[in-house]
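J.: Following this message is one structure expressed as structure tokens.
Please treat every number below as a calculation from the coordinates, not as lab data. Computed from a predicted structure; not experimentally measured. With ideal geometry, Cβ positions are generated from the backbone for all residues, glycine too; neighbour counts draw on all protein chains shown.
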Amino acid sequence: MMVEALLPPLLLLLASFTGVCPWRTRQTYVRAGEMVVLYCSHDRHGDAKVIWTSSSSQERDLADMSSAEQTQLGLLVRGRSLVILNASVNNQGNYSCSPGRLWFSLIVCTPQSRECEERTQYPHICYRQEACTLNCPEVNIPAVSITNITSNGIIWNKPKDGYFSSVEENDHGVYTCTRSYLYRRQEYHMTFTVVLQVKPKEKKKVPVITSPRNRDVFEVDLGATLVVDCKAVMYADLDDVLWFHGKSEVETNNSFPVFYNYTREVKGAEIKMTASLVFKKVSEEDLSKSYTCRLDAVSGSSSFVTITLAQKAHPSYVSLALAVVGVMVVMVLAVVIYVRFKMNITLFLRDTLGCHSSISDGKSYDAFVMCYKSDTDAGLNEDDRKCLESALEERFGYTLCLYDRDVSPGKAAAEAVLDCIEQSRAVVLVPTSPDPGPGSGLLSAIHAALVERQTRLIFIQTETTEATRSGSLPEALQLLGEAGDCVTWKGMSSMPHSSSFWKQLRYHLPAPREASNIKRETFTCSNLGCYLMPE
């Protein structure tokens, strides 16, 4: 400490004898535990031997020390370079090299040294939205010529390789890079702090054409007047905007069929110019030409845009008429197809797409199946009737109200029938022989109830009934047949579920309310009865 305190007056005394100026002393800062290199740059004495001395070596040449002594001091002398491999407070002090007597003041920084942190920061400027590469400082690093010391690369804390593809203002900050070196299989480091400053780059104001766009096509009618404005923003009085046809400049004389004129508007340093190309009457010859608006700038290269003219396309009424006719034909075909196949379409939507009724109408049953006595022997027998009821419930998922199953015993027949009609969304009248139901005497009452409640009615008839209904059927049956939808039972040909009878019956019935009730089984019916078969 006494030596360091006496160093300034000693330097002044030394300067009086040697002519060395004390302000030639160089201050060098190094972090504790890192490498630093002092380089004697004076070469005016040619190849004279460089002598390194330390304030603690009593003017002894450090190069004359043995390897053990150099290692003990953490020093390595290589010609003009003095390498301190692992700096510590023991290495702090003053060093000089001769000839030339260049002085170095080495300061070893501790982590708590704020002054040292400020002295070892290196600024770097980048411009916003441009690529930026940070440079790790090459300060007090080993020379390439020093043998046995090899560089092991540079590591940045962020970003990788110190590279920004597009630097932004929030990238401003402090970054560190570490240089790594190998000496005798031992790794040594040198850490540097780089302060990145992001500045907005002042854009060079370049004159530019703002409209029209390049290769714009202007549609116009023959014989019409057309004005095309070419607008540009300029920053010099000598900048100009011109119109060309090929290599020839368009005339500014308004007596020509095609000419141009221009206007200027000055706002501060900005000049707005509009060059208007005027076609008095567009001709077919004009349609075959192209015109170029060119901006001649004093500073920078010229820019230009090219336009062409095209005859305006008029709508074709023939095409419009064909389109209307085509739409009408499609609509007619759609109506015809729907009318022709509406039954199949409706059943397809129910069976395949699962379109079922979800209306809550307070009804308990989808249909009330009521038998009436046929005056002929062509009515459905008991097996056919049970097959009909089973198929509607088990195969197609309908919830049925059956008189002989769902009506409580002892209840008046008329009242029971009216209750079933009230709780059902439709009524299916089935001709049977003999009559298993409440009898045909209630048909008149049923007709009145159906008319009053507007209940859907499906009237099943046989081929014999269909042939004789016009004259021999009771009046009540004729009224019911006219009020509802009639479906004809044709015996054995109506038993398959794909028959026309089942399609018509299901079409006239409302869709089942719950799709989950549908059972996918097959009923095989014959004169002996119906049998359940898996699909």
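J.: Report the charge-dipole magnitude of the range 208-311 in Debye, nearest 20, computed about the Cα centre from +1 at each Lys and Arg Cβ and -1 at each Asp and Glu Cβ.
T.: 120 debye
J.: Calculate how large, on average over all directions, the projected area of the Cα convex hull of the range 93-201 is; give the answer in nm² to one decimal.
T.: So the mean shadow area of the Cα hull is 9.5 nm².
J.: When the label point is put 7 Å from the Cα of PHE304 along its Cα-to-beta-carbon vector, which residues of the range 216-247 have a backbone N closer than 12 Å?
T.: 242-247
J.: A further question on this structure: What number does the range 260-325 give for Rg over Rh if you use C-alpha atoms and the Kirkwood radius?
T.: 1.24
J.: What does the extension gain come out to for GLU382 and ASP361, with contour length at 0.36 nm per residue minus their alpha carbon separation?
T.: Stretched fully, the GLU382-ASP361 segment lengthens by 4.3 nm.
J.: What relative contact order, as a whole-number percentage, does the range 125-209 give when Cα pairs under 8 Å and 6 or more residues apart are counted?
T.: 36 percent
J.: How large is the charge dipole for the range 98-242, taken about the Cα centre, if only the Cβ atoms of Lys, Arg (+1) and Asp, Glu (-1) carry charge, to the nearest 20 debye?
T.: Here the range 98-242 has a charge dipole of around 940 debye.
J.: Give me the distance in nm between label points sitting 7 Å out from Cα along the Cα-to-Cβ direction at LYS199 and ARG453, one decimal.
T.: Between LYS199 and ARG453, the label points sit 9.5 nm apart.
J.: Something else: For the range 208-311, what is the convex hull (Cα atoms) projected area averaged across all directions, in square nanometres?
T.: With the hull built on Cα positions only, its mean projection is 6.4 nm².
J.: Pairs LYS411/LYS503; LYS160/LYS199; LYS247/LYS267; LYS231/LYS267; LYS199/LYS267; LYS205/LYS247: which exceed 26 Å Cα-Cα?
T.: Cα-Cα > 26 Å for LYS411/LYS503; LYS247/LYS267; LYS199/LYS267; LYS205/LYS247; rest within.
J.: Return a whole-number percent for the relative contact order of the range 208-311, with Cα pairs under 8 Å and 6 or more residues apart as the contact set.
T.: 39 percent
J.: Could I ask something else about it? How big is the Rg/Rh ratio for the range 135-291, C-alpha atoms only, Rh by Kirkwood, two decimals?
T.: With Rg and the Kirkwood Rh in hand, the quotient comes to 1.40.
J.: Order by neighbour count: PHE256, PHE368, fewest other Cβ atoms within 10 Å first, most last.
T.: In order of increasing Cβ crowding within 10 Å: PHE256, PHE368.
J.: Once the Cα atoms of the range 301-350 are picked out, what are the Rg and Dmax in Å?
T.: Considering the range 301-350 through its Cα atoms, Rg and Dmax are 24.6, 76 Å.
J.: Here is a follow-up. Find how much the distance from HIS497 to THR464 grows on full extension, using 0.36 nm per residue of separation minus their present alpha carbon separation; answer in nm with one decimal.
T.: This chain segment gains 9.7 nm when fully extended.
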